[in-house]
Amino acid sequence: MIIAVPKEIKKQESRVGLTPAGVQSLIAAGHQVYIETQAGLGSGFSDSAYDLVGAKILGTPQEVYAIADMIVKVKEPLASEYPLIKPKQILFTYFHFAASKELTHAMIESKATCIAYETVELADRSLPLLTPMSEVAGRMAIQVGAYFLGKPQGGKGKMLGGVPGVKPANVLILGGGVVGTQAARMAAGLGANVTIMDTNLARLRYLSDVMPANVHTQHSNPHAIQEHLPHVDLIVGAVLLHGIKAPHLIKKEDLKRMQPGTVLVDVAVDQGGCIETCHPTTHEDPVYEVDGILHYCVANMPGAVPQTSTMALTQATLPYVLLLANQGYQDACSANEALNKGLTIYDGKLYHPGLAAAFSL
């Protein structure tokens, strides 16, 4: 199979779809790999590093898309890439279709085969290709939240962990999955007073057992969330519903219950966000204020730490890339149920009931 990796063009996105080590594995399996020039530079991989393991370097995205049987990316194609995509071409990347009806329509019209990292799902309902980036985003949520709580950045002027004689900040985490768990660990490590909320009691019991003493668990419901709002300093939105839009747990009118300078970090923004006033931002312009409340809603948070993120992502995706390359998407998806769940669009049709209902398709 001919596999190609374009350079990511989303703002401030420096990750890359394959590392040189991954390319080497694919070439050893008998495949051809093409890399757009400087695609790996932001992650610390030069063109010469790819050339050394046998990849061919191409100068333009047009050449990359034209030659490929399979495109391996990190982020969803942007509008300028839509015309480059060929019918029956395999696109293996994060799509987050639930956040964009336009993207969904464009991929249906392209008649490409779209396999979404975020909906590849194992039998235990875990998401092996989303997990590494969720781990990065969860940890980053606390780092950026702590920074923007600083007065010069528009926050309350509070330190997460406090100091002796001064109470720590209050952190509320909505969702006890991978993002929420990693955020809670980071916030707890800094000494904050942390509450993590979820609707899954079994998950809350587990978190209660494994988390340090300054992390408290609470069943999530509207009343419980409302009770926290006047006292909370940092809220992390970490809600995930597999493949569909996140629900709004905090509404615009709720902002009035919070103190000015409270910080909201909505990690769920790439699935539509779990905070009503959330809209996607970039690393160039990451925050905005609504009713005195600071919103951080960067849709590709792990892109800020591309060397860590690319290594974490590609070690998870490579086995699936190899499976697709060795067997073709039909046999690979038939043989691997997890991969089959990621198969979202092919032959110009949408095969995801949640998305179909959300977009009336």
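Derivation of every value follows stated rules applied to the coordinates shown; laboratory data play no part. What you see is a predicted model, and the numbers here were worked out from it, not measured in a lab. Methodologically, a virtual Cβ is constructed for each residue, glycine included, from the backbone with ideal geometry; neighbour enumeration extends over all protein chains shown.
Listing for the model above:
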item	result
Gaussian network model of the chain, springs between alpha carbon atoms under 10 Å - residue of Gly348, Gly30, Gly17 with greatest fluctuation	Gly30
Relative contact order (%) - the chain, alpha-carbon pairs under 8 angstrom, separation at least six	19
Top positive-direction residue, dipole computed over the chain with Cβ charges, set Pro260, Ala335, Ala29	Pro260
Residue pairs, from the table Lys7/Lys245; Lys10/Lys56; Lys10/Lys252; Lys10/Lys167, whose Cα atoms sit over 30 Å apart	Lys10/Lys167
Between 0 and 90°, nearest 10: helix 101-110 axis offset from the chain longest Cα axis	10
Residue with peak Gaussian network fluctuation, the chain [Cα springs, cutoff 10 Å], from Phe97, Phe45, Phe148	Phe45
Gained length - Val290 relative to Tyr206, 0.36 nm times residue gap less alpha-carbon distance	26.7 nm
Rounded FRET efficiency, nearest 0.05, which uses the C-beta distance separating Ile9 from Ser334 and R0 of 30 Å	0.35
Evaluated at q = 0.09 Å⁻¹: base-10 log I(q)/I(0), Debye formula over Cα of the chain	-0.51
Highest-first arrangement of 264-277, 306-319, where packing means the average Cβ count within 10 Å	264-277, 306-319
With Cα atoms, 0 to 90° folded angle of helix 201-210 axis to the chain main axis	80
0 to 90° range, to nearest 10: angle between helix 306-335 axis and the chain longest Cα axis	50
Computed helical MRE - 222 nm, the chain, DSSP H runs ≥ 4 contributing -39500 (n - 2.57), nearest 500	-10500 deg cm²/dmol
